[in-house]
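Read the figures in this text as sums done on the coordinates, not as results from a lab. In this text, all values refer to a predicted model and were calculated from it rather than measured experimentally. Counting neighbours? That spans all protein chains shown, and the Cβs are built from the backbone with ideal geometry, glycine included.
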Amino acid sequence: MSTKALKFVGSSLDDLREFPEEARRIAGFELRTIQNGLEPRDWKAMQSVGPGVKEIRIHALGEWRVLYVVKLTDAVYVLHAFQKKGQKTNKNDIELARKRFRQIGGAI
């Protein structure tokens, strides 16, 4: 099994680098797991962003989210990384991820 490339869309890499160290470490581990064709430990589908988009849920020093899509055999695309501050995902975060999903050729 080959490891898929990891591609960051927009400012998602810079946003991920702003996570606290522990949350960043967990995110890196989970993204490596996905690159190797496995599922992260804690995730959910994000159909509101687009088909095939999933959210890694990180519970370390707050609530952190990484939205990604595995696009066929091409790569793992990280669409958005952010701190979740409320019960529901902020509408602006969903819209930004949706916009980036369209940028990589995702159809909603």
Divide, for the chain, the radius of gyration over alpha carbons by 2.2 N^0.38 Å, where N is the residue count. 0.97
Straight-line reach only, C-alpha to C-alpha below 26 angstrom: list the lysines that LYS91 could link to, leaving out same-chain residues fewer than 8 apart. LYS7, LYS44, LYS54, LYS71, LYS99
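At 0.692 mPa s and 37 °C, plugging the Kirkwood radius over alpha-carbon pairs of the stretch 38-93 into Stokes-Einstein gives what diffusion coefficient in µm²/s?
This corresponds to a translational diffusion coefficient of 277 µm²/s.
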Kindly write out, for the stretch 87-98 in residue order, the coupling ³J(HN,Hα) from the Karplus curve 6.51 cos²θ - 1.76 cosθ + 1.60 (θ = phi - 60°), rounded to whole Hz, with x marking Gly and Pro. 5, 9, 5, 4, 4, 5, 5, 5, 4, 5, 5, 4
Round to the nearest 0.05 the FRET efficiency obtained for GLN47 and ASP74 when R0 = 25 Å and r is the Cβ-Cβ distance. 0.75
Quickly estimate the mean residue ellipticity at 222 nm for the chain, helices only: each DSSP H run with n ≥ 4 gives -39500 (n - 2.57), and the total goes over all residues, rounded to 500. -9500 deg cm²/dmol
Checking rank on 37-43, 52-58, with mean other Cβ inside 10 Å and highest first, the result is 52-58, 37-43
In percent, how large is the relative contact order of the stretch 8-108, given Cα pairs closer than 8 Å and 6 or more residues apart? 28
